[in-house]
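J.: Following this message is one structure expressed as structure tokens.
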Amino acid sequence: MGVFSGGNGSRRPAEPDDEDLGHQGMAIELIDAFAEHDAAGLAELDEAGRAAQLKARQALYNYVDRIWEDAKARGVEPASRPEWSVVAGLRDLTNALMEQATQAQSAAGDEDAL
């Protein structure tokens, strides 16, 4: 079962306990399913486009990571709290998007990647 589950073509979002995925598991599944499409899209961009993608993805990751780190600084311990799995999942997702953009730069031989 994927990020969307249900029979007969239903497009309802999977519940956190569907196959025990939780938010973080769903994010990882989404990353895996999107990687090929993302790589193809990034390969179609020019060097400036790939650099812009990396910059945007880095900004989004930094924002999500700041939410996580601020919680830790307040003593919340987000890694051990189920309600924070959505933030953990977004951190994984945005980190993977950054990695994919970096890999695309490297594969294309972009100067920024060297």
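J.: Return the total of residues in region 85-111 being free of Cβ contacts under 8 Å to residues at least 40 places away in the same chain and either open to solvent by 40 Å² or more (accessible area, probe 1.4 Å) or of a type in the set (Asp, Glu) (or both).
T.: Number of matching residues: 5.
J.: Sticking with this structure for a sec: Quick check on my filter: what residues within region 60-84 are without any contact (Cβ under 8 Å) to a residue 12 or more places away in the chain and either surrounded by 15 or more Cβ atoms within 10 Å (Cβ to Cβ) or part of a helix (DSSP H, G or I) (or both)?
T.: Passing the criteria: Asn62, Tyr63, Arg66, Glu69, Asp70, Lys72, Ala73, Pro78, Ala79, Ser80, Glu83.
J.: Across region 42-80, what is the total count of residues that are more than 15 Å from Asp110 (Cβ to Cβ), among the small types (Gly, Ala, Ser) and out of contact with any helix residue (DSSP H, G or I) (no Cβ under 6 Å at 6 or more places or on another chain)?
T.: Total meeting the criteria: 6.
The values are calculated or read from the model by the stated rules, or taken from the named source; none is laboratory data. In this text, all values refer to a predicted model and were calculated from it rather than measured experimentally. Note that we place each Cβ from the backbone using ideal geometry, even for glycine, and neighbour counts take in every protein chain shown. For accessibility, only protein heavy atoms count, side chains too; no ligands or nucleic acids. Shrake-Rupley method; radii C 1.70, N 1.55, O 1.52, S 1.80 Å.
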